[in-house]
Amino acid sequence: MLGEGTQESLSRDDSQAHAEALLARATHYLPALKGTRAVPVPVGYRPMPRDGFPVLGFPEPVPNLYIALMHSGVTLAPLVGELAAMEIVDGARVQFLEAYRPERFL
């Protein structure tokens with residue numbers, strides 16, 4: 001898998017031509033790639049809430065939907081998974097998550 005830029009990159013080119021150009025550049029540094037075939041992969045974007053902080057909880061308009069949206073999903077997953085499970089399964093309202101509720105955007 002090859003890519004360019006950073007995770008915040010605004011590059012949106014997922015064409016075959018762009019994939020081949022990336023592979024050609026990589027082959028310059030990694031000659032073992034010579035003869036491989038480029039397969040383009042659609043560009044995906046990581047979610048980033050407007051204020052940069054996680055959005056966690058049940059949104060008021062849709063009470064049976066739980067949102068766990070954040071840019072740091074991999075690093076926060078263990079903690080958020082445990083706290084979200086407490087809210088979803090047990091019906092608890094975890095005080096620690098209050099600053100991250102979806103209502104802050106209303």
> What does the helix-only formula give at 222 nm for the chain: each DSSP H stretch with n ≥ 4 adding -39500 (n - 2.57), the total divided by the residues, and the result rounded to the nearest 500 deg cm²/dmol?
Replying inline: -10000 deg cm²/dmol
>> Just to be sure I understand the model, the point goes 7 Å from the Cα along the line to the Cβ. What's the resulting D13 to A77 distance in nm?
In response: 3.2 nm
> Taking only Cα atoms, what is the 0 to 90° angle, nearest 10, from helix 16-29's long axis to the longest principal axis of the chain?
Replying inline: 70 degrees
> Where in segment 41-106 are there chymotrypsin sites (Phe, Trp or Tyr not before Pro) that are in a DSSP coil and have at most 13 other Cβ atoms within 10 angstrom of their Cβ?
Replying inline: Y45
>> Test of understanding: given the chain, find the longest segment containing no trypsin sites (Lys or Arg not before Pro) that are in a DSSP loop and have at most 10 other Cβ atoms within 10 Å.
In response: 51-106
> Hey, any idea what % of segment 3-106's accessible area is carbon plus sulfur with a 1.4 Å probe?
Replying inline: 62 percent
> How large is the accessible surface per residue of segment 66-106, computed with a 1.4 Å probe and reported in Å² as a whole number?
Replying inline: 65 Å²
> What size of dipole, in debye to the nearest 20, comes out for the chain about its Cα centre when the only charges are +1 on Lys and Arg C-beta atoms and -1 on Asp and Glu C-beta atoms?
Replying inline: 400 debye
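The values are calculated or read from the model by the stated rules, or taken from the named source; none is laboratory data. What you are looking at is a predicted structure, and each value in this text was computed from that prediction instead of being measured. Cβ atoms come from the backbone with ideal geometry, glycine included; neighbour counts cover every protein chain shown. These accessible areas exclude ligands, DNA and RNA; they are computed on the full protein's heavy atoms, side chains included. Shrake-Rupley method; radii C 1.70, N 1.55, O 1.52, S 1.80 Å.
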